[in-house]
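The values are calculated or read from the model by the stated rules, or taken from the named source; none is laboratory data. The model shown is predicted, which means the values in this text are computed figures rather than measured ones. Here Cβ is always computed from backbone atoms with ideal geometry, including for glycine, and neighbour counts include all displayed protein chains. These area figures cover heavy atoms from the full protein model, side chains too; ligands, DNA and RNA do not enter into them. Shrake-Rupley method; radii C 1.70, N 1.55, O 1.52, S 1.80 Å.
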Amino acid sequence: MQINSVRLNNFRNYGQAKIDFAGGLNFIVGKNAQGKTNLLESIYISSIGKSPRTRKDKQIIKFGESKAKIDLDFSTLAGKKNLQIYLDNLNKKSIKINGLNVLKLTELVGTLSVVYFSPDELKLIKEVPEDRRTFLDISISQFDKNYLYNLLKYDKILRQRNTILKSAESYASKVEQLKLFTPQLIDTAEKIILKRIEFVKNLNPIAKEIHKAITLDENLEIEYSYKPKDKPIKEDLTEQFEKIINKEIELGYTCLGPHRDDLEFKINGLDCKNFASQGQQRTVALVIKLSLMEVVKNEIGEYPILLLDDVLSELDLPRQNRLLEFTTKYQTLITCTNLPETSLPYNEIKIENGSVL
Ligand SMILES: Nc1ncnc2c1ncn2[C@@H]1O[C@H](COP(=O)(O)OP(=O)(O)OP(=O)(O)O)[C@@H](O)[C@H]1O
Ligand SMILES: [Mg+2]
């Protein structure tokens with residue numbers, strides 16, 4: 001996939017701007033606070049309908065204005081496409097693909113595939129399990145709509161099940177109602193877990209190889225917390241739920257299932273979260289995103305677009321160079337305050353105060 005141009009209208013610090021991109025490596029260069037991250041944000045929103053930075057669309061609209069628009073032209077193997085996102089200060093969003101209205105966000109997901117990395121993505125390694133589940137869910141949803149529908153279904157059943165667990169009803173009544181909801185939950189849980197296991201299985205060897213190429217001597221391993229047993233997942237979860245029913249009723253929420261699962265990253269056998277250096281953690285987070293590019297390509301038949309915010313300043317020169325070599329295979333948009341030294345071909349986009357120079 002390749003983005004050809006983005007037109008922004010009252011988006012963050014942009015008034016009216018048109019930004020053209022080339023294939024391969026694009027450096028988005030400018031001083032601090034000029035609009036480099038804002039530009040990547042507009043592309044990310046076009047991909048999944050949400051900002052990586054805020055849930056409030058109002059914050060995205062240029063100060064003093066009431067509406068914003070992103071208008072993006074891109075090419076895929078299936079031909080040229082256009083995406084338009086309209087935002088207003090009442091938090092109402094409308095989306096058009098090739099001029100046709102999109103009624104649900106789920107329809108948008110997968111249209112424009114991007115993989116995004118910013119320094120904030122270190123949370124993938126350092127922060128809470130929820131951040132790692134979000135990574136799994138957004139990644140898999142980009143190429144598997146059924147997975148996304150199962151997530152939404154699971155979330156609905158989970159909320160219903162929690163309402164029962166939390167209610168003031170009698171123990172017997174709760175047990176009776178759970179007989180209906182627990183099998184439904186397990187049914188969807190199994191589909192989600194199986195997909196996540198498959199995704200990690202595909203990601204693992206690619207990540208190992210890319211990580212070795214960038215670090216030269218480290219061995220990366222990714223593990224999903226649910227470990228397959230010698231019985232089907234459904235059977236295993238049913239047994240586990242039976243064992244914890246009293247605990248769940250006492251606590252008032254669902255204690256088991258993919259909404260509690262996690263990912264673990266290990267370098268040379270040591271857990272990254274607790275033992276890796278800052279630079280090692282950063283490298284792992286980046287390697288995961290580079291590997292995701294390959295996994296998505298294997299799934300959809302073409303590379304997504306790689307968006308890298310502020311990544312170069314954080315890496316030493318040899319790692320920078322080895323990283324840049326990877327990114328020439330696909331369209332990559334990298335923000336930086338200074339052009340890096342590289343012998344690779346690139347396109348430069350200069351940004352100053354919400355305008356392209
Ligand atoms: N809704 C908005 N309206 C107008 N300006 C905004 C809005 N939201 C953010 N800004 C401004 O956009 C400017 C540029 O932000 P951006 O994060 O894109 O900078 P940057 O070029 O990535 O800088 P850095 O190199 O420091 O990361 C900031 O100064 C911010 O105040
Ligand atoms: Mg920035």
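Structure notes:
- Three-way shape label, the stretch 1-116, alpha-carbon gyration tensor, a/c 1.5: oblate
- Percent RCO, i.e. relative contact order, over the chain, from Cα pairs under 8 Å lying at least 6 residues apart: 28 percent
- Within-9-Å neighbourhood charge of Arg7 [Cβ basis; K, R +1; D, E -1]: 0
- Mean separation of Cα pairs under 8 Å and 6 or more residues apart, divided by the residue count, gives the stretch 120-302 a relative contact order of 33 percent.
- With every protein chain in place, the stretch 120-302: carbon and sulfur % of accessible area (1.4 Å): 52 percent
- Ordering Thr37, Thr327 by accessible surface, largest first, gives Thr37, Thr327; the 1.4 Å probe counts only protein heavy atoms, with every chain in place.
- Taking each DSSP H run with n ≥ 4 as -39500 (n - 2.57) and averaging over every residue of the chain yields -14500 deg cm²/dmol at 222 nm.
- Subtracting the Cα-Cα distance of Glu218 and Ser75 from 0.36 nm times their residue separation leaves 47.8 nm of extension gain.
- Extension gain (nm, one decimal) between Lys243 and Asn321, 0.36 nm per residue minus Cα-Cα: 22.8 nm
- Environment charge at Tyr154 (Cβ cut-off 13 Å; Lys +1, Arg +1, Asp -1, Glu -1): +4
- Stretched out straight at 0.36 nm per residue, the stretch from Asn298 to Lys96 would grow longer than its current Cα-Cα span by 70.0 nm.
- A Cβ-based charge dipole, computed about the Cα centre of the chain with Lys and Arg at +1 and Asp and Glu at -1, lands at about 1120 debye.
- Per-pair calculated FRET efficiency, R0 = 25 Å: Leu194 and Lys145 via Cβ, rounded to 0.05: 0.95
- Calculated from backbone phi, Karplus (6.51, -1.76, 1.60) coupling profile of the stretch 81-87 in Hz, x at Gly/Pro: 9, 10, 10, 10, 10, 10, 10
- Atom-type composition of the exposed protein surface of the stretch 52-97 places 48 percent of the accessible area on carbon and sulfur (1.4 angstrom probe).
- When you work out D = kT/(6 pi eta Rh) for the chain at 20 °C and 1.002 mPa s, using the Kirkwood radius from C-alpha pairs as Rh and the Stokes-Einstein form, the result is 97 µm²/s.
- Based on protein heavy atoms only, the stretch 120-302 ends up with 49 Å² per residue of surface accessible to a 1.4 Å probe.
- DSSP beta bridge pairing in the chain, given as percent antiparallel to the nearest 5: 70 percent
- Sparsely packed trypsin sites (Lys or Arg not before Pro) within the stretch 173-252, loop by DSSP, other Cβ within 10 Å at most 14: Lys229
- Between Leu151, Ser170, Leu263, the Cα set farthest toward the positive side of the dipole of the stretch 120-302 (charges on each charged residue's Cβ, about the Cα centre) is that of Ser170.
- Cut-off of 10 Å, at most 16 other beta carbons, DSSP loop: longest stretch of the chain lacking such chymotrypsin sites (Phe, Trp or Tyr not before Pro): 64-252
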